[in-house]
1. Please report the orientation-averaged projected area of the range 6-295, defined via the convex hull of its C-alpha atoms, in nm².
2. Find how much the distance from Ser201 to Asn301 grows on full extension, using 0.36 nm per residue of separation minus their present alpha carbon separation; answer in nm with one decimal.
3. Please give me the summed charge of the neighbours of Glu222: other residues whose Cβ is under 15 Å from its Cβ, Lys and Arg +1, Asp and Glu -1.
4. Want the number for Arg69 to Glu88: 0.36 nm per residue separation, take away the alpha-carbon distance, what's left?
5. Taking +1 at the Cβ of each Lys and Arg and -1 at the Cβ of each Asp and Glu, which of Ala267, Pro125, Asn301 sits farthest along the dipole of the chain towards its positive end, judged by Cα position relative to the Cα centre?
6. Using a basic spin-label model with each label point 7 Å from the Cα along Cα→Cβ, how many nm lie between Val238 and Asp181?
7. If you place +1 on the Cβ of every Lys and Arg, -1 on the Cβ of every Asp and Glu, and leave all else neutral, what size is the dipole of the chain about its Cα centre, to the nearest 20 Debye?
8. Hey, for a label at Ala231 modelled as a point 7 Å past Cα toward Cβ, could you say which residues of the range 148-167 have their backbone N under 19 Å away?
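Throughout, read-outs are computed from the coordinates displayed, never taken from laboratory work. None of these values were measured; they are calculated from a predicted model. All Cβ positions, glycine included, derive from the backbone under ideal geometry; neighbour counts span all protein chains shown.
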Amino acid sequence: MKLEGIHHITAITGDAVGNVEFYTGVMGLRMVKKTVNQDDPTVYHLFYGDERGSPGMDLTFFEYPGAARGRAGAGMVHRIVWRVSSEEALEFWQERLAAYGTESRLTVGSLLFADPEGLEHELMPTSTTEEPLTAVSPEIPPEDALRGFNGVRAYTVDPSRSESLLSDTLGFEPDGAGRWDVRGEERSGVYAYDAAPGEVSPRPGAGTVHHVAFASQPADHEAWHERLLEAGAHATEVIDRFYFRSIYFREPSGVLFEIATIGPGFAVDEDAAHLGEHLSLPPRFEPLREQLERTLTPLPNPRGSQP
């Protein structure tokens, strides 16, 4: 029983319109689901990814309109790492980001930048036999497009206290220097630690990561829940999120983890050719549609469909 890398990463935005413009317009991702936070349906849950909305490429945001900018600290993911195909792709992205007024920094083997609300990203050329997960954008050559998550980096004050849960319970494989490989039969990812900045108090808010989700086969989900409870993790019950099923818990360093099933997926209530073009509501929220459509921020349809 293995986790298939990262399923999705969920962050917070205070500006849904600007968020859509940056991630679909600048970064070239596809909006694959426009829905609501199922724990607070008065706010959006926006999903961006590849053409199919595949686990391994889903970057999602809760919108809290006007939310103050947060600050990553101990117990929080502070950087999202993406795969690209080559060093030449880094040059493309450095030029593209500059054209849209976003500063970036080229390092040995990666490109670092932040979105307009301060959420950190890193693009890294990655050689792998795994299928690249890409979206189609007329402004981004296919060879330069983002190819899915490579991993996340989190802040901790003591990485050793997380070793047992990560290794013995979740099956992560240590790769030295606070880095863990999450490798399944089809996909993989990296979970890595950095020392928490001592002078920074963590403050959730716009531009911060809320949680990171790892992918499980549906048939294994109940077994993962039992394994977490046996390990003493304070895991939630299995929660039906309609597009996948979820278990939430905090790893000992404080980062909120989720284990989410691969499927049923985003095409369960929309034609795959028109994902994300309209507000999708799981059945239990459908009676609230009229109210929510009056409350939620009007958003552009990135691919030009009519609302």
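1. On the way: hull surface 59.5 nm².
If you wrap the Cα atoms of the range 6-295 in a convex hull and average its projections, you get 14.9 nm².
2. My answer for the length gained is 32.3 nm.
3. Details: positive: Arg227, Arg245; negative: Asp220, Glu226, Glu230, Glu237, Asp240.
Counting the neighbours of Glu222, the net charge comes to -3.
4. Details: separation 19, 0.36 × 19 = 6.84 nm, distance 3.26 nm.
Gain on extension, Arg69 to Glu88, equals 3.6 nm.
5. In the chain, that residue is Asn301.
6. Rounded to a tenth, the inter-label distance reads 2.9 nm.
7. Details: 26 positive and 48 negative charges, 112 e Å.
That gives the chain a dipole magnitude of about 540 debye.
8. Taking a point 7 Å out along Cα→Cβ of Ala231, the residues of the range 148-167 whose backbone N falls under 19 Å are 151-167.
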